[in-house]
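Some notes on the structure that comes next.
Please treat every number below as a calculation from the coordinates, not as lab data. Just so it is clear, the structure is predicted and the values come from calculations on it, not from any experiment. Using ideal geometry, Cβ is built from the backbone for each residue, glycine included, and neighbour counts are taken over all protein chains shown.
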Amino acid sequence: MHALDRHNEAIIACRRCPRLIAWCEEVARVRKAAYRDFTYWGKPVPGFGDPRARLLIVGLAPGAHGANRTGRMFTGDRSGDWLYRALHKAGFANQASSTDRHDGLRLRDAYISAVVRCAPPGNKPLPEERDQCIGYLARDLELLSRLRVMVALGKFAWDGARSVLRHAGHTAATPTAFAHGAETAIGPYQLIGSYHPSQQNTFTGKLTEPMLDAVFTRARAILEATT
């Protein structure tokens, strides 16, 4: 078994945060009316993508009725619709939609992870839950040995990515605050910030399709320049 597969099995089996596990299981039991006939995943969600990826996309945590339902990052909700459309357009995905983990979606040169692996109530993990879980993101970084670019979806992911890189011994060339399109070199990696493709951001126009496309166009350009 590949080391990345063993790592993801350990994530699925994790029970470190009782509050989050209880919430994931409760959401899976009660279910949303629109998904009453679905069998929810209801446990920690592993990473997804190409083991030889040079691009790592970091999210906050699984959505209660998205990844917590389907068992695959950014799958089955509007955030995923936005993300995979952009990845497909930039050549990182073989299709633009994501409905379930058996829908044939494949990532090319990209891998998707998160700071927290369980769906948190209100999309707000506690600091101690973040700290319990962030080691899994650090392990992603170790196992994905070809990584060159990281895209952080939202400030929570930006801070998590910077923390993991700092603990790995990498320092930023210049201090950079989170913003959409913010970019900083940290050790051998280039970190790019993007607003999260949440319904709140996309419905209000804070994040538009061209804005999200620009982030992955930039990631592609960096990778092509370093090939």
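So, in Å, what gap is there between the alpha-carbon centers of the stretch 99-135 and the stretch 11-34?
So the separation of the two Cα centres works out to 13 Å.
Could you give me the radius of gyration and the Dmax of the stretch 1-142, taking only the C-alpha atoms into account and expressing both in angstrom?
14.3, 40
How would you rank Lys43, Lys206, going from fewest to most other Cβ atoms within 10 Å of each one's own Cβ? Intermediate results must be reported in sequence, preceding the final value.
Details: Lys43 22, Lys206 13.
Ranking Lys43, Lys206 by Cβ neighbours within 10 Å, fewest first, gives Lys206, Lys43.
Report, to the nearest 10°, how far helix 3-13 tilts away from the longest principal axis of the Cα atoms in the chain, using its own Cα long axis and a range of 0 to 90°.
Between helix and principal axis, roughly 40 degrees.
Hey, what number do you get for the chain at 222 nm if only DSSP H runs of n ≥ 4 count, each worth -39500 (n - 2.57), divided across all residues, to the nearest 500?
Working: 8 runs with 93 residues, N = 227.
Taken over the chain, the calculation gives -12500 deg cm²/dmol.
In a GNM of the chain with a 10 Å cut-off on Cα contacts, which of Thr99, Thr217, Thr39 has the highest mean-square fluctuation?
Thr39
Given that compact globular proteins tend to follow 2.2 N^0.38 Å, what is the ratio of the alpha-carbon Rg of the stretch 140-227 to that value?
1.10
Aspartates and glutamates near Lys206 by alpha-carbon distance under 18 Å, same-chain residues fewer than 8 away left out - which ones?
Partners within reach: Asp81.
Within 10 Å, Cβ to Cβ, of His7, how many net charges do the neighbouring residues add up to if Lys/Arg are +1 and Asp/Glu are -1? Let's see the in-between values first.
On the way: positive: Arg6, Arg139; negative: Asp5, Glu9, Asp140, Glu142.
Neighbourhood net charge equals -2.
Among Trp82, Trp158, which comes first, then next, by fewest other beta-carbon atoms within 10 Å?
Trp82, Trp158
Find the percent of Cα-Cα distances in the stretch 141-186 that exceed 13 Å, and round it to a whole number.
Values: 586 of 1035 pairs.
So the pairs more than 13 Å apart make up 57 percent of the total in the stretch 141-186.
Given the options Thr204, Thr184, Thr171, state which has the largest fluctuation in a GNM of the chain using a 10 Å cut-off (strictly under) for Cα springs.
Thr204
Using the count of nearby Cβ atoms within 10 Å as a rough guide to exposure, how do Val45, Val116 rank from fewest to most?
Ranked by crowding around the Cβ, least crowded first: Val116, Val45.
GNM on the chain, C-alpha springs below 10 Å: top fluctuator among Arg85, Arg148, Arg29?
Of Arg85, Arg148, Arg29, the most mobile in the Gaussian network model is Arg29.
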